[in-house]
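The values are calculated or read from the model by the stated rules, or taken from the named source; none is laboratory data. What you see is a predicted model, and the numbers here were worked out from it, not measured in a lab. Quick reminder, even Gly has a Cβ in these numbers, built from the backbone with ideal geometry, and neighbours come from all protein chains shown. All accessible areas refer to the heavy atoms of the entire protein, side chains included, with ligands and DNA or RNA removed. Shrake-Rupley method; radii C 1.70, N 1.55, O 1.52, S 1.80 Å.
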Amino acid sequence: MPFIKQALCQKLNSLNINMINFRFEKFKHQKEVFFPLRKQSWLLFPLLLSLPAQAASALSTKLEQQVEKELTQYSRRLGVNSQKHQIELHFSGSTETQACEKWHFERPQPTQAPLGRLSYRIECLAPVKWTGRAIVEVKYWAKVVVTTKSVDRDIQLGKSELKLQTQELGSLSRTPLFHINDAVGKVTKRRLNRGALVSPFLLENPYIISRGDLVTMRITIDGFSAITKGTALEDARKGERLKVQNNSSGKVLQGVAEDNDLVEIDFAAK
């Protein structure tokens, strides 16, 4: 009995192995039949995924180029060079993935400095017209004029009180100066702490003529000039108007302070 039982088990094991091999060969045949189609589909899948990304990349590139162009124009207008800048784009809805071959970009306030948070209207011109919007965050670092020490009010600035420091322009609350010479010789309207931003709104020209000063009055009529002496009746900065008394005739005339002791007389306002 043990021998018969052992032989029967061996036979059953052989049948199981053959059945497994048969099923495997059948599956292998089916795999070989269908694999070419699966392989082709798998190769196409990355291409399908890349289509929206490529469209989005084209729009992002074009808008970024537009912002770069505006930053270049801004730099030239100010006469400064950017130390570095950063541009972040945020598109609304499906704007970024819509197909387009030609775009037009515009800002509601095109004369505003291209700094900080900007809103752009996007118009697709071809092949199908549509519009969208984008928010662009622009950070722009440049060297600006700051104080090297605390400076009191009514102090005429010299080069020793000033230096250049790199700052992000979009974060500034006041208009900066970019060249030290633009601040040298100006007078502070208020106290400035050490490291304070020097803004043109915090400075004024010094008085070049004070009340009671003896001045030269230059009178020009029809291309002919005459010079006489007078006495300033008011304080005046360069370019400001003031009253001057002619020392010869005693007449009071008005003119413009041109230099430390020179007043250009304006007969139209005498």
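Observations
- Flag if ASP213 is farther than 30 Å from ALA142 by Cα and under 44 Å from the mean Cα position of the chain (by Cα): no
- Scanning the stretch 74-115 for residues that are among the β-branched types (Val, Ile, Thr), more than 18 Å from LEU172 (Cβ to Cβ), modelled with pLDDT under 95 and buried (at least 16 other Cβ atoms within 10 Å of the Cβ) gives a single hit, THR95.
- Pairs, first under 13 Å from THR216 (Cβ atoms) and outside any loop (DSSP other than H, G, I, E, B) in the stretch 230-244, second modelled with pLDDT under 95 and of a type in the set (Phe, Trp, Tyr), C-beta under 9 Å, six or more apart: none
- When the test is whether a residue is at pLDDT 95 or above, closer than 30 Å to LEU118 by Cα and touching a Leu at 6+ places or on another chain (Cβ under 9 Å), VAL184 does not pass it.
- Members of the stretch 30-73 found to be among the aliphatic types (A, V, I, L, M) and either within 30 Å of GLN165 (Cβ to Cβ) or modelled with pLDDT of 50 or more (or both), listed by number: ALA58, LEU59, LEU63, VAL67, LEU71
- Search result, residues across the stretch 225-252 that are open to solvent by 70 Å² or more (accessible area, probe 1.4 Å) and within 50 Å of the chain's Cα centre (by Cα): SER225, GLU234, ASP235, LYS238, ARG241, LYS243
- Filtering the stretch 64-73 to residues that are among the β-branched types (Val, Ile, Thr) and open to solvent by less than 40 Å² (accessible area, probe 1.4 Å) leaves only VAL67.
- Listed by position, the strands (runs of 3 or more DSSP E) inside the stretch 121-224 whose residues that are of a type in the set (Lys, Arg) and surrounded by 14 or more Cβ atoms within 10 Å (Cβ to Cβ) number at least 1 are 130-147, 162-168, 214-221.
- Being closer than 30 Å to LEU115 by Cβ and not charged (D, E, K, R) is a property that does not hold for ASN246.
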